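Notes follow the structure.
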Amino acid sequence: MGFSFDLTGRTALVTGASSGLGERFGRILAASGAKVALAARRADRLEALAQRIGPSAAAVQMDVAREADVIAGYDAAEAAFGTVVDTVIANAGIDGAGLATEMPEDEIEHTLNVNLKGAILTAREGARRMMAAGVGADGRKGGRIVLIASITAFEASPGLVAYSASKAGVVQAAKSLAREWARKGICINTISPGYIRTAINDAWFDTDPGKAQVARWPRKRLMGQEGLDAMLLFLCSDAAEFVTGADFVLDDGQTL
Ligand code: NAP
């Protein structure tokens, strides 16, 4: 018996690493021994984070909604570390708030493009390269892909139609991809976090309706970013060998 969440020997790519949860994921993965490519559009923020983490991190500019960018981002990560990426965190996302009757078409499209298409493009490019490199074959470490969804994938969320539909799509995409790659040495799962204060919702939780929302939750508090750490490390570790196509709601009881 015995298991470890030590990620030494793994090479990870985290999208949306220039802010919030993705920035934390990058730091946590590096602290657990992985090499980490930090991906997003704002290169200056990624460079600053990579400097803080040290030689095990590299900044990779990438817009997840554009396939050419995603491919170039993986190329840059492989060039930086000299090895294939075997651990992917598709975390990049935008809030896409707006009433269904009022939201402009291009905002609906942009939300779906970044949150849903971006997660699929990120996952499949990673998987293509893992399969080509034989990740998970002949006793080698298996590939790990984690997509960040949201409790809004399961809850009715007025004013979040595009966002919540994109996140429900992310959960179902992961299940479909898990089935498609079941014998390819890759585990792919989703984490569905509850509300955590980051740049994506900072302004909302300072408003009266935002404060009222927190007051309605059983624990009457916003969960901290550290609430996702252990699940992230588990899903990226060898210990998650038998976990694929699963979703994990981590919400401090917000949906109870
Ligand atoms: P955040 O602080 O606003 O971070 C979002 C990240 O996504 C940024 O690093 C941003 O970087 C990146 N991003 C946005 N558009 C992108 C694009 N086209 N290509 C590449 N990167 C892009 O928000 P967060 O709260 O950490 O959100 C991270 C993920 O968690 C999102 O998928 C979000 O939906 C999900 N989530 C958050 C909560 C919460 O309460 N905070 C709850 C459930 C789920 P650039 O602008 O530099 O590209």
Could you grab the relative contact order for the chain? Cα pairs under 8 Å, six or more apart, rounded to a whole percent. 19 percent
Kindly write out, for the range 184-196 in residue order, the coupling ³J(HN,Hα) from the Karplus curve 6.51 cos²θ - 1.76 cosθ + 1.60 (θ = phi - 60°), rounded to whole Hz, with x marking Gly and Pro. 10, x, 10, 9, 10, 9, 10, 10, 10, x, x, 6, 10
Coordinate range along principal axes, alpha carbons of the range 11-250, Å, largest first: 54, 38, 37
By the DSSP-based rule, helices of the chain that are at least 24 Å long along the axis (C-alpha) and have a mean Kyte score of at least -1.0 are 161-180
Write out the chymotrypsin sites (Phe, Trp or Tyr not before Pro) in the range 210-256 meeting two conditions: DSSP loop, and at most 15 other Cβ atoms within 10 Å of their Cβ. PHE242
Enumerate the amide H contacts of ARG144 below 5 Å, restricted to partners 5 or more residues apart or on another chain; note that Pro and chain-start residues carry no placed amide H. THR87, VAL88, CYS187
From DSSP H assignment alone, runs of 4+ in the chain each adding -39500 (n - 2.57), the sum over residues rounded to the nearest 500 puts [θ] at 222 nm at -12000 deg cm²/dmol
Overall Cα dimensions of the range 152-256, principal axis frame, Å, largest first: 50, 27, 25
Taking the range 1-140, how much of its Cα-Cα pair set, in percent, is spaced more than 20 angstrom apart? 47 percent
Would you mind putting 35-43, 62-70 in packing order, based on average other-beta-carbon counts within 10 Å, highest first? 35-43, 62-70
Quick check for me: using +1 on Lys/Arg Cβ and -1 on Asp/Glu Cβ, what's the dipole size of the chain about its Cα centre, in debye to the nearest 20? 660 debye
List the residues whose amide H sits under 5 Å from the amide H of LEU250, counting only those 5 or more places along or on another chain, with H placed 1.01 Å from N in the peptide plane. SER192, GLY194
Which whole-number percent of Cα pairs in the range 102-162 have a distance greater than 16 Å? 60 percent
Distance in nm between pseudo-label sites at ALA137 and HIS110 (7 Å out along the Cβ direction from Cα): 4.2 nm
Per residue of the range 98-104, what does 6.51 cos²θ - 1.76 cosθ + 1.60 with θ = phi - 60° give for ³J(HN,Hα)? Whole Hz please, x for Gly and Pro, Karplus curve as stated. x, 5, 4, 6, 10, 5, x
What residues have an amide H closer than 5 Å to that of GLY98, excluding those fewer than 5 places away on the same chain, when H is modeled at 1.01 Å from N in the peptide plane? LEU160, VAL161
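Computed from the coordinates by the stated procedures, all read-outs in this text should not be read as laboratory data. Remember, predicted model here, so these are calculated numbers, not experimental data. In this analysis, Cβ positions are derived from the backbone assuming ideal geometry, glycine residues included, and neighbour counts consider all displayed protein chains.
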